[in-house]
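Participant: One structure coming up, written as structure tokens, with questions to follow.
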Amino acid sequence: MSMHYANICMRWFVVLAAAVLCLACSGGSSPAGTESPGAPGSASKASEPNLGDYEKPQLSSEQQAIVTGGTEAAWPAHGLSWTVPAGWKENTVTKESLSYAAADGAYLLVNISILPKSLDMETSLRSNHDQAYQQVKSGKNESARRLALAGIPGVEFVEAEPEKKGDARRHQWIGFRNHNGEKQMINVMTSVRASEFAKHRDGFAAIIYSMRATGGG
């Protein structure tokens, strides 16, 4: 395992732990002045996300060409799939995670976490989006928005360029769904060294926006 891959994995688990912590703390409303633009108001009762509040992906011509010429990365255990650029190879596909990689160290990493059935998904989504938006304001993220993929509501964010070109930079989406009687958090991350991010920007977007839910699993 390369040092870059180990670095990505460590950051991956840190991000995942932070997302779970965000969920655990999402029962309350956001502090005054921290709500992000377009975020629905707080609900006093458990609520299902309204997909009308979420944008849908619009692929550019460059991104569509990558999807058209790409390879399917299927995850039949969860009824999900993506299209990765030509030349990317399968790394691991297990019940817990999926990963594909490019020759230059770019990665797609996906993980699914089972959540408490009592969890209010809309509150959790709002909390995750507010957190991502605050990181835009602080300069940690380049962008953040509410985005639905394959009919699944979620939060997309692109990390800002780090100070060190050798550090990892990622484009990520975190979504929530009810599936096979479970509440699930789907964490989709694309990552590469910051010095290589520009050439993968369209490829990362193409991967994330190509997500399909087949209903299997």
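No value in this document is a laboratory result; all are computed from the given coordinates. On a predicted model such as this, the values are computed, not experimentally measured, just so you know.
Participant: Measure out, as a whole number of angstrom, how far apart the alpha-carbon centroids of the stretch 177-217 and the stretch 46-124 sit.
Facilitator: If we compute the Cα centre of each part, the gap is 3 Å.
Participant: Next question. Whole-Hz ³J(HN,Hα) for each residue in the stretch 53-64, computed from phi via Karplus 6.51 cos²θ - 1.76 cosθ + 1.60 with θ = phi - 60°, x for glycine and proline: what do you get?
Facilitator: 7, 10, 6, 10, x, 10, 7, 6, 4, 5, 5, 5
Participant: Quick one: grab the alpha carbon gyration tensor of the stretch 113-166, order the square roots of its eigenvalues as a ≥ b ≥ c, and give me rounded if a/c is under 1.5, else prolate or oblate depending on whether a/b is larger than b/c.
Facilitator: Note, shape of the stretch 113-166 comes out prolate.
Participant: Tell me, what ³J(HN,Hα) does each residue in the stretch 159-175 have, in order and in whole Hz, if you take phi through Karplus 6.51 cos²θ - 1.76 cosθ + 1.60 with θ = phi - 60° and put x for Gly and Pro?
Facilitator: 6, 6, 5, x, 5, 9, 4, x, 6, 6, 10, 10, 10, 9, 9, 10, x
Participant: When the expected Rg is taken as 2.2 N^0.38 Å, what fraction or multiple of it is the alpha-carbon Rg of the stretch 52-111?
Facilitator: For the stretch 52-111, the normalised Cα radius of gyration is 1.24.
Participant: Given the C-alpha atoms of the stretch 70-217, compute the convex hull and give its volume per residue in Å³.
Facilitator: 101 Å³
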